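Please read the structure below before turning to the comments.
A short reminder: the numbers here are calculations on the coordinates, not readings from a lab. Note that this is a predicted model, so its numbers are computed, not measured. Here the Cβ positions follow ideal geometry from the backbone for every residue, glycine too, while neighbour counts run over all protein chains shown.
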Amino acid sequence: MSHSGSCVCGAVSFTITAPVTETGACHCSMCRKWSGGVFLGVQVPKGGMQIEGEENLAVYTSSEWAERAFCKTCGSSVFYRVTAPGPMNGEMHVGMGTFDDASGIPLTGEIFIDLKPDGYAFAGEGRNVMTEAEVMAMFAAPPQDHP
């Protein structure tokens, strides 16, 4: 089953052809600023998504290991892509809020859990959680300063 979505104005649309079985939440300060809250992202392997209107995307290099893409027209965040060398290179994390239909996709993990603001928490248990240090070790990147 494929999933489709777009930015707010429709200048950028996409179809994810890879299986979508779960979503994860990122609580880092960069994702919170980029998404306006917690970022719920669906992991898509390199080559697992077709984009229409790609010329309407702007890309911002947000760290040593990732870049973020957003619509040039309406400013909607669409995805971030891993640029670090290694097995995750080219992997995208597509904002679940951009999906036309996101029903039936369970929340299975939370990263940067130690940076989550106290004002919210997700219901339920059993998710995989990772701290900032654990995430940075996964990408072999030094810890970032947070504003």
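A few remarks follow.
- Using θ = phi - 60° in the Karplus curve 6.51 cos²θ - 1.76 cosθ + 1.60, the 3J(HN,Hα) couplings for segment 120-135 round to 8, 7, 8, 6, x, 9, x, 7, 6, 10, 9, 7, 4, 4, 5, 5 Hz; x is entered for Gly and Pro.
- Beta-bridge orientation, the chain: approximately 80 percent antiparallel, per DSSP, counting only bridges with both partners inside.
- From phi via Karplus (6.51, -1.76, 1.60), per-residue ³J(HN,Hα) for segment 109-118 in Hz, x at Gly/Pro: x, 9, 10, 6, 4, 6, 9, 5, x, 5
- The GluC sites (Glu not before Pro) of segment 52-147 meeting both criteria, a DSSP state outside H, G, I, E and B (loop) and at most 16 other C-beta atoms within 10 angstrom of the site's C-beta, are 64, 125.
- Per-residue Karplus couplings for segment 14-22, computed as 6.51 cos²θ - 1.76 cosθ + 1.60 with θ equal to phi - 60°, are listed in order as 8, 10, 8, 9, 6, x, 10, 10, 6 Hz, Gly and Pro entered as x.
- Ranked for footprinting exposure by Cβ neighbours inside 10 Å, fewest first, 40, 107 give 107, 40.
- Annotation note: chymotrypsin sites (Phe, Trp or Tyr not before Pro) in segment 1-106 located in DSSP loop regions with a Cβ neighbour count of at most 14 within 10 Å are absent.
- Over all orientations, segment 13-65 has a Cα convex hull whose mean projected area works out to 4.5 square nanometres.
- Over the C-alpha trace of segment 3-139, radius of gyration and Dmax come out as 14.4, 41 angstrom.
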